[in-house]
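Below you'll find the structure, written out as C-alpha cells, and then a few comments.
The values are calculated or read from the model by the stated rules, or taken from the named source; none is laboratory data. Values in this document were obtained by computation on a predicted structure and should not be read as measured data. Don't worry about glycine lacking a Cβ; one is built from the backbone with ideal geometry, like all the others, and counts go over all protein chains shown. These accessible areas exclude ligands, DNA and RNA; they are computed on the full protein's heavy atoms, side chains included. Shrake-Rupley method; radii C 1.70, N 1.55, O 1.52, S 1.80 Å.
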Amino acid sequence: MIINVNVFFQIIIYMLAIVLLVVLIALGLKLFHTLTKVDRVIDDITVKSSKLDNLFNVIDTTADAVNSVSNSIASWITNLVNRLLNK
C-alpha cells in the first residue's frame, strides 16, 4: 500500500488544524471565564468606591474650609504688617 505524499500532507494538515481548533476553543472558554471574574471584581470595586465618595466629599469640603480660614488669617496678618510698616 503506497500513500501519495500529497494525501499524506493533507491528512497531517487536517489533523493539525483540528488540534489547533480544539486548543483555540479551550483558550476561548478560559478567556471567557477569566473575563467573567474580572467583571465581578470591577463591579465590586465600583460599589466600594461609590461608598467612599461621600467620605471624599467631606474631606474636600473640610479642606476648602481650612483653606478659607488660613487665607483669612494670612490676609489679616498681611494687613496688620502693612499698617505697622506704613506708620
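Which residue, chosen from F9, V41, L31, occupies the Cα position most advanced towards the positive end of the dipole of the chain, where the dipole is computed from +1 (Lys, Arg) and -1 (Asp, Glu) charges on Cβ about the Cα centre?
V41
With r as the distance between the Cβ atoms of T78 and N54 and R0 = 41 Å, compute the FRET efficiency 1/(1 + (r/R0)^6) and round to 0.05. Don't jump to the answer; show the numbers that get you there.
On the way: r = 36 Å, r/R0 = 0.88.
My answer for the efficiency is 0.70.
What is the chain by shape, rounded, prolate or oblate, if you read a ≥ b ≥ c off the alpha carbon gyration tensor as root eigenvalues and call it rounded for a/c under 1.5, prolate for a/b larger than b/c, and oblate otherwise?
Details: a/c = 19.53, a/b = 4.06, b/c = 4.81.
Taking the square roots of the gyration eigenvalues as a ≥ b ≥ c, the chain is oblate.
Full-extension gain between V66 and F8, please, as 0.36 nm times their residue separation minus the C-alpha to C-alpha distance. Can you show the working numbers first?
Values: separation 58, 0.36 × 58 = 20.88 nm, distance 8.26 nm.
That works out to 12.6 nm of additional length.
Report the residues of the stretch 15-33 in range of a label on I42: point 7 Å along Cα→C-beta, backbone N strictly under 19 Å from it.
Zone members listed by number: 28-33.
Counting only protein heavy atoms, what percent of the accessible surface of the chain is carbon or sulfur at a 1.4 Å probe?
Details: 5880 of 8250 Å².
Accessible surface attributable to carbon and sulfur in the chain totals 71 percent.
Dipole of the stretch 9-87, Cα-centred, from +1 at each Lys and Arg C-beta and -1 at each Asp and Glu C-beta, to the nearest 20 debye? Walk me through the numbers before you get to the answer.
Values: 7 positive and 6 negative charges, 47 e Å.
About 220 debye.
Which aspartates and glutamates have a Cα less than 14 Å from the Cα of K37, not counting those fewer than 8 places away in the same chain?
Partners within reach: none.
Can you show me the helix-derived [θ] at 222 nm for the chain, built from DSSP H runs with n ≥ 4 at -39,500 (n - 2.57) apiece and divided by the number of residues, rounded to the nearest 500. Walk me through the numbers before you get to the answer.
On the way: 1 runs with 82 residues, N = 87.
After summing the helix terms and dividing by the residues of the chain, the value is -36000 deg cm²/dmol.
Over the chain, give the accessible area per residue in Å² for a 1.4 Å probe, as an integer. Walk me through the numbers on the way to the answer.
On the way: 8250 Å² over 87 residues.
That works out to 95 Å² for each residue.
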